[in-house]
1. Give the number of residues within segment 171-186 that are surrounded by fewer than 15 Cβ atoms within 10 Å (Cβ to Cβ) and in contact (Cβ under 8 Å) with a residue 40 or more places away in the chain.
2. Counting just the residues of segment 126-139 that are within 26 Å of the chain's Cα centre (by Cα) and under 21 Å from residue 43 (Cα atoms), which one comes out surrounded by the most Cβ atoms within 10 Å (Cβ to Cβ)?
3. From the list 173, 113, 105, 155, pick out the single residue that is on the phi > 0 side of the Ramachandran plot and touching a helix residue (DSSP H, G or I) at 6+ places or on another chain (Cβ under 8 Å).
4. For residues that are in contact (Cβ under 8 Å) with a residue 60 or more places away in the chain, within 14 Å of residue 142 (Cα to Cα) and not acidic (Asp, Glu), tally how many sit in segment 56-90.
5. Which ones in segment 54-93 are open to solvent by 60 Å² or more (accessible area, probe 1.4 Å), within 21 Å of residue 44 (Cα to Cα) and polar (S, T, N, Q)?
6. In segment 238-258, which residue that is closer than 21 Å to residue 214 by Cβ and not hydrophobic (A, V, I, L, M, F, W, C) is surrounded by the fewest Cβ atoms within 10 Å (Cβ to Cβ)?
7. Being in contact with an Asp or Glu (Cβ under 9 Å, 6 or more places away or on another chain), within 17 Å of residue 65 (Cα to Cα) and of a type in the set (Ser, Thr, Tyr) is the filter here, so list the residues in segment 208-262 that pass it.
8. Is it the case, given these coordinates, that residue 165 is closer than 30 Å to residue 218 by Cα and at pLDDT 95 or above?
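The values are calculated or read from the model by the stated rules, or taken from the named source; none is laboratory data. Remember, it's a predicted structure, so these values are computed and weren't measured experimentally. Note that we place each Cβ from the backbone using ideal geometry, even for glycine, and neighbour counts take in every protein chain shown. Accessible surface is based on the protein model in full, side chains and every heavy atom, while ligands, DNA and RNA are left aside. Shrake-Rupley method; radii C 1.70, N 1.55, O 1.52, S 1.80 Å.
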Amino acid sequence: MRLYTTAARLGGALLLAAGLWACSGTPSYNPTTFQPEMDAPESFKAVKTVIIPHVNLGPPSRNYLEDVAPRIDGMVTTYLKKNGYKVLPQRDFRQHWNTAVRAYGDPVDPTTGKVNMKSFVQIMNSVRDELRKTTDLDAFVFTDIVEFEVPFNGGLKHLARWDGVTRRPSLQGPGDGVSADFDWNKNAAVASLQVSIYDIDLKRLFASRGGLDATDAIDTRSASGRYVRRRSVLENEEYLTEGIKLAFHPFIRWEDWPGNPD
């Protein structure tokens, strides 16, 4: 079996690319950047105090993604506070959510993962009413970690691009090379942060996504080449920070946003 190592075959190209990126004073355009869906931007000014629900707006994330959700919510909290927002404790939402679930039933079917939107809306209305009594809450910030598949087939560097980010594949296993026959058009699982912001009247103000990282890695033990789930997912804080900034732009403006300015 013929092997090539990333360092041996691609090292020069990657170093050159890194040098070019370091010298660039403007962000590179990425055509996969998610185009935000939003109400009039003027409505953002009314949002001062927010809360991050511990539940998804859509179906629940996979178990291995749920495990990292609290850490990402913590990073989102820090990012919001850094940009002048007051963030209420998540436990306040959780307490009222649990009370409403006892009254209306769990909106998520545990066998199918499907969400009963009628129950979800009833519960959210109840939570909103309770928080309105005791806080100055302006908006709910839902942070769903969503997963889908893309190929690492971007040129000789084998890059994957989605939701505004560019990532290289990682290796998992005892070796440090990839089979020369590896099919780079195979899809690998990747994750993004989906942010949805609703005001106190439960009207959607903003929705967008930012790419995080791949949740699959190339299995170096496989002679034919395949992807396997990474043992540790979403642990690169630099990647997570980039995804958070992408997902919140332009609710929180990011000067290096790689989307089309037009």
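1. Final tally of qualifying residues: 6.
2. Per the stated criteria, the residue is 139.
3. 105
4. 9
5. Of everything in segment 54-93, those that are open to solvent by 60 Å² or more (accessible area, probe 1.4 Å), within 21 Å of residue 44 (Cα to Cα) and polar (S, T, N, Q) turn out to be 78, 83.
6. Here is the first cut: in segment 238-258, the residues closer than 21 Å to residue 214 by Cβ are 238-247, 258.
Pick out the ones that are also not hydrophobic (A, V, I, L, M, F, W, C) and you get 238-239, 241-243, 245, 258.
Numbers: 238: 8, 239: 18, 241: 15, 242: 23, 243: 27, 245: 19, 258: 20.
The residue in question is 238.
7. Passing the criteria: 215, 239.
8. yes
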